[in-house]
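Enquirer: Supplied in structure tokens, the structure appears directly below.
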Amino acid sequence: MTIEQAIFRRAELLLGDEAMSRIGEKRVIIFGVGGVGSWCAESLVRSGIRKLTIVDSDRVCITNINRQLMATTKTVGQVKVEALKERLLTINPSAEITALQQIFTAETAESFQLDSYDYIIAR
């Protein structure tokens with residue numbers, strides 16, 4: 001049994017092999033990984049999502065610590081998506097996490113290739 005199989009064994013017992021396989025293949029993009037998006041990202045990875053893109057332009061600041069998952073005294077000043085990616089990979093090292101320090105605007109919309117995702121989450 002691989003580490004990834006062991007991590008999701010309980011969910012697999014509940015949902016079944018086929019469902020876990022389908023969950024693992026879904027592609028999700030999250031715009032904004034602050035107070036809601038960071039917790040959402042972790043919940044998805046803990047649920048078996050392996051293909052996740054996280055998008056945010058900010059860096060962790062001290063006022064984020066009380067509400068954002070990746071915000072700690074050790075991550076202040078770091079790029080939010082990079083700090084969160086590091087944490088998510090400690091949960092599932094096999095996950096494919098893409099961290100984009102960008103802003104979604106009319107001018108940048110095409111670069112995100114939104115049609116390649118199964119789910120889009122925006123704050």
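Enquirer: If the Cβ limit is 7 Å and pairs must be 6+ apart or interchain, which residue in the range 85-96 that is of a type in the set (S, T, N, Q) pairs with which residue that is at pLDDT below 95?
Expert: Listed by first residue and then by second, the contacts come to 92/4; 92/7; 94/4.
Enquirer: Can you tell me which of 22, 123 is of a type in the set (Lys, Arg) and closer than 23 Å to residue 2 by Cα?
Expert: Selected residue: 22, the only one of 22, 123 that is of a type in the set (Lys, Arg) and closer than 23 Å to residue 2 by Cα.
Enquirer: May I pose another question? Any chance the range 3-13 includes a residue that's at pLDDT 95 or above and open to solvent by 50 Å² or more (accessible area, probe 1.4 Å)?
Expert: Taking the range 3-13 and keeping what is at pLDDT 95 or above, we get none.
Within the range 3-13, none of the residues are at pLDDT 95 or above and open to solvent by 50 Å² or more (accessible area, probe 1.4 Å).
Enquirer: Among the residues of the range 70-84, count how many are surrounded by fewer than 18 Cβ atoms within 10 Å (Cβ to Cβ) and either touching a residue at least 40 places away in the same chain (Cβ under 8 Å) or aromatic (Phe, Trp, Tyr) (or both).
Expert: 0
Enquirer: Looking at 67, 46, 22, which one is surrounded by fewer than 15 Cβ atoms within 10 Å (Cβ to Cβ), part of a helix (DSSP H, G or I), touching a residue at least 12 places away in the same chain (Cβ under 8 Å) and under 18 Å from the mean Cα position of the chain (by Cα)?
Expert: None of the others qualify; the one that does is 46.
Enquirer: Also: Which of the residues spanning the range 49-64 are surrounded by 15 or more Cβ atoms within 10 Å (Cβ to Cβ) and either among the aromatic types (Phe, Trp, Tyr) or part of a loop (DSSP other than H, G, I, E, B) (or both)?
Expert: Listed by number, the residues that qualify are 49, 50, 56, 58, 60.
Enquirer: Between 73, 2, 98, which is hydroxyl-bearing (Ser, Thr, Tyr) and under 17 Å from residue 120 (Cβ atoms)?
Expert: Going through 73, 2, 98 in turn, the sole match is 98.
Enquirer: Identify all residues within the range 102-123 that are assigned to a helix (DSSP H, G or I) and either closer than 20 Å to residue 82 by Cα or in contact with a His (Cβ under 8 Å, 6 or more places away or on another chain) (or both); write none if there are none.
Expert: 111, 112
Enquirer: Considering the range 75-123 alone, what residues qualify as being of a type in the set (A, V, I, L, M) and touching a Cys at 6+ places or on another chain (Cβ under 9 Å)?
Expert: Answer for the range 75-123, where residues must be of a type in the set (A, V, I, L, M) and touching a Cys at 6+ places or on another chain (Cβ under 9 Å): 76, 121.
The values are calculated or read from the model by the stated rules, or taken from the named source; none is laboratory data. Keep in mind the model is a prediction, meaning the values are calculated, not measured. As a convention, Cβ positions derive from the backbone with ideal geometry for all residues, glycine included, and neighbour counts pool all protein chains shown. Please note that ligands, DNA and RNA were not included when accessible areas were found on the heavy atoms of the full protein model with its side chains. Shrake-Rupley method; radii C 1.70, N 1.55, O 1.52, S 1.80 Å.
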